[in-house]
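Chemist: Below you'll find the structure I mean.
Please treat every number below as a calculation from the coordinates, not as lab data. Only a predicted model underlies this, so the values are computations on that prediction, with no experimental measurement involved. For neighbour counting, all protein chains shown are included, and Cβ atoms are generated from backbone atoms with ideal geometry for every residue, glycine included.
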Amino acid sequence: MPLAIATAELDIDAPDYVVRIEAGNHALLGDEGLHEGGQDRGPAPFAFVLSGLVACTAATLRMYMQKKGWPSGRIGVTADLHLAPDGSQYIRRTVSVDAQLDQTHRARLAEICEKTPVTLFIKRGTRIDTTMREQ
């Protein structure tokens, strides 16, 4: 049984790269940015990956703080994808927690960020098995 499922369809009459996506029970649109020849009518593929990372990070921190009974507050997470001079790619993630926490708590939250499910998924890499079939 899959842990998650997503499907994408690009209709023959769709404007260039506008993709209809279903992620679980949610309907989304994906597209490429204007600089890639798309119409920017939805997030580009790497933006979806980063969205999963930031959503997982924020939710995991909230769960951890609730479990520990720590003061609650606004959690903000941003992630940027970068290209290093050597051609490798890396993600820079910035996390802010607007809560009355001491430095020990904040250090622990930084450790938790490195252990979120999507963080581990990205860091370890995941095998992709592809099957081509006729419609």
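Chemist: Relative contact order for the range 1-41: what is it in percent, counting Cα pairs under 8 Å that are at least 6 residues apart? Each step should come with its number before you reach the end.
Modeler: On the way: 61 pairs, mean separation 12.2, N = 41.
Relative contact order of the range 1-41: 30 percent.
Chemist: Turning to a different aspect of this structure: Quick one: if the Förster radius is 41 Å, what FRET efficiency do A107 and N25 give, using the C-beta to C-beta distance and rounding to 0.05?
Modeler: 0.65
Chemist: Starting from the Cα of T126, step 7 Å along the direction of its Cβ; do the same at D40; then give the gap between the two resulting points in nm.
Modeler: For T126 paired with D40, the spin-label model returns 3.0 nm.
Chemist: From the square roots a ≥ b ≥ c of the eigenvalues of the alpha-carbon gyration tensor of the chain, which class results: rounded (a/c under 1.5), prolate (a/b over b/c), or oblate?
Modeler: It is prolate, given that a/c is not under 1.5 and a/b is the larger ratio.
Chemist: Using R₀ = 41 Å, calculate the FRET efficiency as 1/(1 + (r/R₀)^6) where r is the Cβ-Cβ separation of E114 and D13; round to 0.05.
Modeler: Plugging the Cβ-Cβ distance into 1/(1 + (r/R0)^6) gives 0.35.
Chemist: Once the Cβ-Cβ distance between M1 and R93 is put in as r, and R0 is 30 Å, what FRET efficiency do you end up with, to the nearest 0.05?
Modeler: After rounding to 0.05, the efficiency reads 0.50.
Chemist: Now for a different question. Which helices pass in the chain if a helix is a full DSSP H run, must span at least 24 angstrom along its long axis by Cα, and must have mean Kyte-Doolittle hydropathy not below 0.5?
Modeler: 45-68
Chemist: Given the C-alpha centroids of the range 72-135 and the range 20-46, what is the distance between them in whole angstrom?
Modeler: Rounded to whole Å, the Cα centres lie 21 Å apart.
Chemist: A follow-up question, please. Mind running the shape call on the range 16-63? Use the C-alpha gyration tensor, a ≥ b ≥ c as the square roots of the eigenvalues: rounded below 1.5 for a/c, prolate if a/b tops b/c, oblate otherwise.
Modeler: oblate
Chemist: Next question. Amide H of V19: which non-local residues (sequence gap of 5 or more, or other chain) have their own amide H closer than 5 Å, using H built in the peptide plane?
Modeler: G30, D31
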